[in-house]
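The values are calculated or read from the model by the stated rules, or taken from the named source; none is laboratory data. Everything numeric here is computed off the predicted structure, so don't read it as measured data. Note: ideal-geometry Cβ built from the backbone for every residue, glycine included; neighbour counts use all protein chains shown.
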Amino acid sequence: MTSNSGDGASDPTMCALERMPHMAKKICLMWCSRELDAFIPTLIMDSRDGARQGLPMDIAAELMFLVGINKSVRAIDLATKTKVNFGEAYRIIDQGDMAPGSVNNTWADPMVAKDAGKISKDSAKSAPRSVVRPKKSKGFLSWLFGD
């Protein structure tokens, strides 16, 4: 079943974000980056003195889900590079994101990253980096949570 308007609004195979292709494209371009974690709060929080209409609840929920997934992917990458367990890597990523003055601290102050959604020409051209998988010498759960 597809929508008569062509926007896919009633297509059951589409996720909510797919109804906003401009937003989905920006998210894909910033995937696995700190910039995405700064960009998503600017979509959800009002930094325009009440002039923002707001997002539908299903889109906001998907954005919040992506915040956690993106941070987890970044933590897996850090854990692999630094040989620490996932929990420690996640804590490091989270503390860095929430540090005062950090571009990613937009949950506390939406005005901090007012331009977080702007994509430079260089980042738009670069391919997303691949995620390094852990070595198979340990079980996944012991690698994830430490020995």
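Quick look at the numbers
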quantity: Matching entry among I119, I59, I93, I76 (being surrounded by 13 or more Cβ atoms within 10 Å (Cβ to Cβ), in contact with a Lys or Arg (Cβ under 7 Å, 6 or more places away or on another chain) and at pLDDT 55 or above); calculated: I93
quantity: Subset of the range 43-101 (residues that are hydroxyl-bearing (S, T, Y) and in a loop (DSSP other than H, G, I, E, B)); calculated: S47
quantity: Tabulated pairs, the range 74-99, first over 16 Å from S33 (Cα atoms) and touching a residue at least 40 places away in the same chain (Cβ under 8 Å), second surrounded by 17 or more Cβ atoms within 10 Å (Cβ to Cβ) and of a type in the set (G, A, S), C-beta under 7 angstrom, 6+ apart or interchain; calculated: N85/A79; F86/A75; F86/A79
quantity: Pair list, Cβ < 7 Å and 6+ apart or interchain, from the range 23-39 residues that are at positive phi to residues that are crowded, with 20+ Cβ neighbours inside 10 Å; calculated: C32/N70; C32/R74
